[in-house]
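Coordinate-derived values only; no laboratory data. In this text the structure is predicted, and so the values were computed from the model without any measurement. With ideal geometry, Cβ positions are generated from the backbone for all residues, glycine too; neighbour counts draw on all protein chains shown.
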Amino acid sequence: MERTELTYDGLCGMIGKCLAPVSYEVFQQRRKLLVIAISEEVRFQKSIQKIEECNPNIELIIVAQMELKKVLDGIYNDRYQVVGWNGKYTVELVDRVKSEADISGTDGFLYFTQHSVNLRDKNMINIAQRLQKEADIRVYSDVVGYELYEYHNLPLYSQGIKVYEEINHLISLQLMDVTREGRA
Amino acid sequence: MKIGVLSMYKEKEITGINKVTMGLMEELLKLDRENDYVFLGKTDWLPLDMEHIPVLPDAGGSVLLNYAMLAHPLDIVHSHYRPFELSRGIPCAKILTIHDLIPLIYPQWYGSQFEYFDVSIRRCAKEADKIIAVSECTKQDIIEYYDIMPEKIDVVYNGLSPTKLFADDAEGQSVPELENTDFIFSVSGLGPHKNQAGLAEAFLLYKKRHPESKVKLVLTGPVRKYEVVREIFAKNAKVAENVVFTGFVSDAQLIWLYRKALAFIYVSYYEGFGLPILEALSVGKAVICANAASMPEVGGDAVAYCDPHEVETIEAAIDRVVSDESYKKSLEERAAEQASRFSYKKAAGEMMQIYESFRNGY
């Protein structure tokens with residue numbers, strides 16, 4: 001059991017070490033951010049305001065669902081380009097953004113989430129990795145409560161999560177087999 | 001026994017289900033000297049002194065617990081309304097609290113959540129060894145919609161949390177623009193089932209019939225975004241002068257609003273429990289509420305009922321409470337006693353008995 005505990009805690013620890021809490025002041029070092037908007041308008045606007053306070057010269061390209069784009073266009077249209085998207089955000093949005101906006105010089109990617117480590121954010125991590133293939137891009141998530149995290153070593157991070165899920169699945173299969181044998 | 005508690009997402013302001021978790025856990029940690037409690041996931045945002053097990057939070061709606069449970073064995077996992085994925089071979093009793101099944105009851109309004117309730121929560125309900133319903137109404141819905149045997153479901157009512165907020169000596173904070181206003185108060189969520197439109201319509205009808213009345217309707221919460229209310233604004237020029245939308249208020253302002261109000265009104269079509277009704281009763285307020293779903297369980301004979309689908313009956317209830325001082329007083333006199341029937345101390349005692357029933361296996 002001790003060995004299992006070490007493995008479990010070790011894996012969670014390894015995943016956790018791939019990200020670090022940072023302050024909004026990190027955006028002083030960024031020139032251009034690609035931001036995926038969320039439907040929580042107040043949270044989104046406050047977060048953008050905090051970024052602007054730290055770096056008034058920062059450029060933002062915002063990606064938002066079509067309905068939200070209309071709202072954000074009204075708020076930011078004179079300052080930032082808002083690219084519309086329908087449905088779940090996928091890596092394909094990188095090409096859409098490229099076709100509608102000038103992403104050259106982008107050095108940061110920001111998305112919003114509920115947890116700093118969140119298995120539901122695979123699509124965001126995929127988008128981040130795609131962006132990192134083409135340029136040196138820092139990846140951040142804005143977590144509930146205006147906490148900011150920066151992600152390091154995304155391949156290790158996503159591999160860790162994959163292993164976690166696979167182990168969970170294998171345990172389930174193994175225990176189903178044990179249960180069946182027991183019944184037999 | 002070692003009991004793992006699984007609750008909702010991290011929140012900046014603790015609301016809804018997390019508030020229920022907090023209220024229950026505060027009392028369990030005080031009362032229970034036999035069992036140890038551990039929170040599944042980070043506790044840095046929860047003001048509870050609890051050990052925790054790191055859990056990667058979410059895999060498309062379900063929390064994957066197999067690996068965590070092998071490394072950190074628990075006797076019971078109690079999920080406060082999150083579906084967990086836990087293999088049957090892991091020796092652990094599973095308890096699921098269900099607050100309501102609103103997306104199954106109103107799929108026309110909550111289509112985006114229908115699948116989550118129809119698949120994930122349904123599966124979790126089937127797998128659970130025990131289901132806790134927060135009202136008899138919710139219990140009946142679980143039986144009907146999930147086809148679960150009644151014996152598997154226990155009712156444990158919610159209480160008030162934080163209790164100190166509703167204490168007699170709790171200090172409120174005034175909302176300056178309402179200090180010199182007589183008003184009927186309601187809290188609101190975004191959902192159409194909360195029937196803010198019916199409430200606004202009924203209040204405007206009351207004002208039309210009583211043009212001399214200076215009473216206003218005050219609504220807190222995110223109602224400003226709600227499209228139906230926007231429509232009411234568009235159609236009725238008099239809304240702005242009769243209905244005050246405060247947006248979100250602090251806990252201290254909330255308690256001030258409850259106390260300052262002439263009466264509290266809640267005409268939702270459906271509630272799994274109806275916490276705002278209990279909050280208003282606890283400060284001795286006259287309450288008007290819908291005679292629907294769980295609300296009569298919370299209101300008992302201490303509130304004025306109306307049919308949430310009939311604007312006329314809502315208006316009649318408003319009229320009677322505002323104009324008949326002795327009737328209002330009789331409701332106020334019964335309010336606190338009715339509220340005292342619900343507490344997290346009581347809920348914790350009942351939960352301990354349920355946990356105890358798993359001591360010798362499940």
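Tabulated results
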read-out: For the range A:92-184, convex hull of alpha carbons as volume per residue, Å³; value: 124 Å³
read-out: 10 Å Cβ neighbours from other chains, averaged over peptide A:113-124; value: 4
read-out: Using θ = phi - 60° and Karplus 6.51 cos²θ - 1.76 cosθ + 1.60, couplings along the range B:66-71 (whole Hz; Gly, Pro as x); value: 3, 5, 4, 6, 5, 7
read-out: Under the Karplus curve 6.51 cos²θ - 1.76 cosθ + 1.60, θ = phi - 60°, whole-Hz ³J(HN,Hα) for the range B:171-188, x wherever Gly or Pro sits; value: 8, x, 10, 6, 9, x, 6, 10, 4, 10, 10, 8, 8, 9, 10, 8, 10, 8
read-out: Overall form of the range A:13-130 per C-alpha gyration tensor (a/c, 1.5; a/b vs b/c); value: rounded
read-out: Loop sites in the range B:1-89: GluC sites (Glu not before Pro), DSSP, at most 14 other Cβ within 10 Å; value: B:GLU13, B:GLU34
read-out: FRET efficiency for A:ARG120 and B:GLN113, using Cβ-Cβ distance with R0 set to 22 Å, rounded to 0.05; value: 0.90
read-out: Those residues of the range B:232-264 whose amide nitrogen sits under 16 Å from the label point placed on B:ALA336, 7 Å along Cα→Cβ; value: B:259-260
read-out: Calculated FRET value between A:ARG96 and B:LYS346, using beta carbons and R₀ = 51 Å, to 0.05; value: 0.40
read-out: Hypothetical label at B:GLU212: residues of the range B:172-197 whose amide nitrogen lies under 19 Å (7 Å Cα-Cβ projection); value: B:182-183
read-out: Mean-position separation - Cα centroids, the range B:142-187 and the range A:59-87, in angstrom; value: 38 Å
read-out: Environment charge at A:SER141 (Cβ cut-off 11 Å; Lys +1, Arg +1, Asp -1, Glu -1); value: -4
read-out: In sequence order, calculated HN-Hα J values of the range B:287-293 (Karplus, 6.51, -1.76, 1.60; Hz; x Gly/Pro); value: 10, 10, 8, 6, 8, 9, 6
read-out: Choice from B:ASP182, B:ASP118, B:ASP324 with maximal GNM fluctuation in chain B (Cα, 10 Å cutoff); value: B:ASP324
read-out: Chymotrypsin sites (Phe, Trp or Tyr not before Pro) lying in DSSP loop within the range A:129-180, provided at most 15 other Cβ fall within 10 Å; value: A:TYR146
read-out: The range B:107-149 shape via C-alpha gyration tensor axes, a/c threshold 1.5; value: oblate
read-out: Quarter of Cα convex hull surface for the range B:300-357, i.e. mean projection, nm²; value: 5.6 nm²
read-out: Three-way shape label, the protein assembly as shown, alpha-carbon gyration tensor, a/c 1.5; value: oblate
read-out: B:ASN360-B:GLN173 FRET efficiency (beta carbon distance; Förster radius 51 Å; 0.05 resolution); value: 0.50
read-out: For chain B: span of alpha carbons on each principal axis (Å, largest first); value: 69, 43, 35
